[in-house]
1. If you take the residues in the range 206-246 that are basic (Lys, Arg) and farther than 23 Å from Val33 by Cα, which one is surrounded by the fewest Cβ atoms within 10 Å (Cβ to Cβ)?
2. Here are some residues: Thr127, Thr75. Which one is among the β-branched types (Val, Ile, Thr) and modelled with pLDDT under 95?
3. Which residues, counting only those in the range 41-90, are β-branched (Val, Ile, Thr) and either at positive phi or in a helix (DSSP H, G or I) (or both)?
4. What tally of residues in the range 236-245 results from selecting those that are without any contact (Cβ under 8 Å) to a residue 60 or more places away in the chain and not in a helix (DSSP H, G or I)?
5. Would you pick out the residues in the range 165-215 that are of a type in the set (S, T, N, Q) and either in a loop (DSSP other than H, G, I, E, B) or under 27 Å from Asp140 (Cα atoms) (or both)?
6. Being without any contact (Cβ under 8 Å) to a residue 40 or more places away in the chain, surrounded by fewer than 19 Cβ atoms within 10 Å (Cβ to Cβ) and touching a strand residue (DSSP E or B) at 6+ places or on another chain (Cβ under 6 Å) is the filter here, so list the residues in the range 118-155 that pass it.
7. Look through the range 247-301, keep the residues that are of a type in the set (A, V, I, L, M) and not in a helix (DSSP H, G or I), and return whichever of them is surrounded by the most Cβ atoms within 10 Å (Cβ to Cβ).
Amino acid sequence: MDLSLNEKIKKLKEEKNAIIVAHYYQRDEVQAVADAVGDSYYLSKIAKDCSEQVIVFCGVKFMAESAKILSPEKTVLLPSLDAGCPMADMAEAEDVLKLKSKYPNAKVVCYINSSAEVKAVSDVCCTSSNAIKIVSSLPDKDIIFIPDKNLGAYVQEQLPDKNIILWNGFCITHKKVSAAEVLKSKEVHKDIKVLVHPECEKEVRDLADFLGSTGEIITYVNKSSDKKFLIVTEEGVLYELKNKNTDKQFFTPYGSMCCVNMKKTRLEDVYDSLHNMQYEINLDEEIRTKAYNSLMNMHKLGR
């Protein structure tokens with residue numbers, strides 16, 4: 001019997017005692033085959049708490065690293081080895097330490113969209129949904145926020161009593177959205193709600209009816225009685241939104257917001273990763289331990 005690729009993946013998954021997790025920004029067919037779909041930190045927790053010993057992480061490298069940080073005893077596979085994150089690559093541990101030496105009294109808050117090495121030299125991690133809470137929970141006035149200057153600027157707006165020292169990093173997908181394109185969509189669709197990720201530039205954030213993380217945007221739509229939405233984040237999230245909200249319409253700026261790295265993982269890559277047990281994520285134990293501490297500090301402060 002000639003099995004479909006989906007069936008072959010399911011069969012391999014059982015044979016290898018594996019779980020497949022996929023970020024909201026992955027291709028539709030990859031999300032469809034996953035056991036869990038969500039944002040990066042949620043998926044890392046799923047990977048940590050599951051009974052399976054093999055984690056196939058359909059996302060970009062820093063996400064698979066986060067899973068390995070939390071689950072060192074498990075095998076973590078990244079189906080597409082070259083699926084990186086340009087924003088995460090904009091910060092290196094050595095440069096963070098140099099900046100930290102200039103502000104010795106500052107705490108380093110590291111967005112989860114960063115490498116294990118950068119997490120290891122940070123005091124605490126954060127996500128886009130808990131960044132404000134994490135920073136506000138710190139008693140320190142001076143905060144070095146890395147690597148996303150847009151999320152950091154948004155935190156500064158909400159917490160004017162803090163002195164946020166911004167890193168010059170950004171998401172190339174969110175940065176390219178212009179206020180003009182959002183205004184154009186509002187003109188065409190008079191009753192549209194604009195939902196924006198805080199990785200966008202300030203002039204775009206200022207046009208939002210709702211500003212939040214990918215997961216928060218999904219929750220907002222699910223609960224909303226509105227029928228038309230401009231989704232100002234990576235287009236992969238439309239798969240989840242359309243599945244849960246068949247009576248609603250969704251639009252994106254320019255008709256598309258695509259992260260090329262998130263789209264590198266194909267269904268064939270998921271199969272090959274499982275079949276060959278290839279592209280395993282391994283971390284230096286000292287780096288992993290220090291990065292783990294910054295993630296655990298996020299848990300403590302985010303309670």
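The values are calculated or read from the model by the stated rules, or taken from the named source; none is laboratory data. Predicted model only: the values in this text are computed from it and were never measured. So basically every Cβ, Gly included, is an ideal-geometry build from the backbone, and we count neighbours across all protein chains shown.
1. Lys223
2. Exactly one residue qualifies, and that residue is Thr127.
3. Residues satisfying the conditions are Ile46, Ile69.
4. Number satisfying all stated conditions: 1.
5. Across the range 165-215, the qualifying residues are Asn168, Ser178, Ser213.
6. The answer is Asp140, Lys141, Asp142.
7. My answer is Met262.
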